[in-house]
Amino acid sequence: MEATMFTGCGTALVTPFRPDGSLDEKTLRTLVRRQIDHGINFLVPCGTTGESPTLTHEEHMRVVEITLDEAKEKVPVLAGAGGYNTAEVIALARELAAMGADGILSVAPYYNKPTQEGLFQHYRAIAAGVEIPIIVYNVPGRTGVNIEPATIARLSEVEYIAGVKEASGNISQMGAILNLVPEGFIVLSGDDALTLPLIALGGRGIVSVASNEIPAEMTRLARLCNKGNFAEARELHRKYLPLMDVNFIESSPIPVKAAMGLMGLLEPVWRLPMVAPKPESLAKIKSVLESCGLLNGTDAEKGRAHVA
């Protein structure tokens, strides 16, 4: 099982929609090509940043299919397949594996709040159903359940479970995980702002929201950290920390899509229950983009918001 392909910086891709709410395939292809051209290490379509809960099954498969088509023999694709129904997750993961996905990112079950034993059995069942690497995704702020370090340690011994995307925001927990798992088990940050400290502790990279906006810079940040060049990494981190923070001024992916709209990268369209940011949030997003040198005179006129 080759899972080291999922190190460095991987972009949690947004899913672009047209003003009528339909999938914008042309823009998706353009965004994927931009990521590859800017040196991204791997791509993550149909995660929660990609608004996967509001994609139909057909749209989910199509987004991954397009990403795979554009990324073929260039960068690996870690496709999202998570949820609270284990049997459905296994079925989706099998479809994605058959389509050619290089790995699966699987968010912890949300709402039904399984026990630690339930979480272990859930992921073990997924791993028994596919033969590609699985990255466990722990984001308790969204799921209502935390995958504890001891459970991650148990999962690290299961074949095909290759790593964890840790988005607990708890650096102490991340350190505890790194103390418990084998050397080859990949620990990725799920928070852009914690990329540097996590890699300093022994993590291997980031599944990034900010790299939708700045793929080259976030890839360089991860690379510098993995090389141990923390002096240059700190400079980059400090420069773009305001962007990393403003991407969560409201629920993600509301801010990042608004920012990409201002940058002229897509039409800022969300599907309910996601809505456009408040005017004061949009003003803050625009201010941060300007301070980071990410806007030009015409791009700022392209930020018209739509909700479908």
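The values are calculated or read from the model by the stated rules, or taken from the named source; none is laboratory data. Keep in mind it's a predicted model, so treat the numbers as computed, not measured. All Cβ positions, even for glycine, are placed from backbone atoms using ideal geometry, and neighbour counts span all protein chains on display. Accessible surface is based on the protein model in full, side chains and every heavy atom, while ligands, DNA and RNA are left aside. Shrake-Rupley method; radii C 1.70, N 1.55, O 1.52, S 1.80 Å.
Would you confirm, using the coordinates I've provided, whether R238 is among the charged types (D, E, K, R), part of a helix (DSSP H, G or I) and buried (at least 18 other Cβ atoms within 10 Å of the Cβ)? So R238 does not fit the description; no. Is it the case that some residue within segment 106-128 is open to solvent by less than 10 Å² (accessible area, probe 1.4 Å), closer than 24 Å to D191 by Cβ, touching a Cys at 6+ places or on another chain (Cβ under 8 Å) and assigned to a loop (DSSP other than H, G, I, E, B)? Among the residues of segment 106-128, not one is open to solvent by less than 10 Å² (accessible area, probe 1.4 Å), closer than 24 Å to D191 by Cβ, touching a Cys at 6+ places or on another chain (Cβ under 8 Å) and assigned to a loop (DSSP other than H, G, I, E, B), which makes the answer no.
There is at least one residue in segment 1-8 that is in contact (Cβ under 8 Å) with a residue 60 or more places away in the chain and in contact with a Ser or Thr (Cβ under 7 Å, 6 or more places away or on another chain). Evaluating E95 against the criteria (1) surrounded by fewer than 23 Cβ atoms within 10 Å (Cβ to Cβ); (2) part of a loop (DSSP other than H, G, I, E, B); (3) of a type outside the set (A, V, I, L, M) leaves one unmet condition, (2). On the stretch given as segment 160-184, residues that are surrounded by fewer than 22 Cβ atoms within 10 Å (Cβ to Cβ) and within 18 Å of the chain's Cα centre (by Cα) total 3. Does G228 satisfy the criteria of being over 18 Å from L28 (Cα atoms) and surrounded by fewer than 23 Cβ atoms within 10 Å (Cβ to Cβ)? Criteria met by G228. The requirement of being open to solvent by less than 40 Å² (accessible area, probe 1.4 Å), modelled with pLDDT of 95 or more, under 15 Å from D24 (Cβ atoms) and part of a helix (DSSP H, G or I) is fulfilled somewhere in segment 260-272, by at least one residue.
Here's the yes/no breakdown for (1) farther than 24 Å from E217 by Cα; (2) out of contact with any helix residue (DSSP H, G or I) (no Cβ under 8 Å at 6 or more places or on another chain):
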residue	(1), (2)
F42	no, yes
E59	yes, yes
V64	yes, no
E95	yes, no
Y123	yes, no
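I'd like the residue in segment 242-259 that is β-branched (V, I, T) and not in a loop (DSSP other than H, G, I, E, B) and, out of all such residues, is nearest to the chain's Cα centre (by Cα). For segment 242-259, the residue satisfying everything is V256.
Figure legend. Inter-residue proximity from segment 13-34: first residues among the small types (G, A, S), second residues part of a loop (DSSP other than H, G, I, E, B), beta-carbon distance below 6 Å, spacing 6+ or different chains. Indicated pairs: G21/A308.
Within segment 273-282, being assigned to a helix (DSSP H, G or I) and crowded, with 21+ Cβ neighbours inside 10 Å holds for one residue alone: L282.
Could you tell me whether A200 is part of a helix (DSSP H, G or I), open to solvent by 10 Å² or more (accessible area, probe 1.4 Å) and either in contact (Cβ under 8 Å) with a residue 40 or more places away in the chain or at positive phi (or both)? In short, no. Would you point out the residue of segment 42-75, among those that are part of a loop (DSSP other than H, G, I, E, B) and out of contact with any Gly (no Cβ under 7 Å at 6 or more places or on another chain), that is nearest to N212 (Cα to Cα)? The residue in question is E51. Within the set I135, I126, the sole residue that is within 24 Å of A71 (Cα to Cα) and at pLDDT 95 or above turns out to be I135.
Report whether or not A87 is free of Cβ contacts under 8 Å to residues at least 60 places away in the same chain and assigned to a strand (DSSP E or B). No: the conditions fail for A87.
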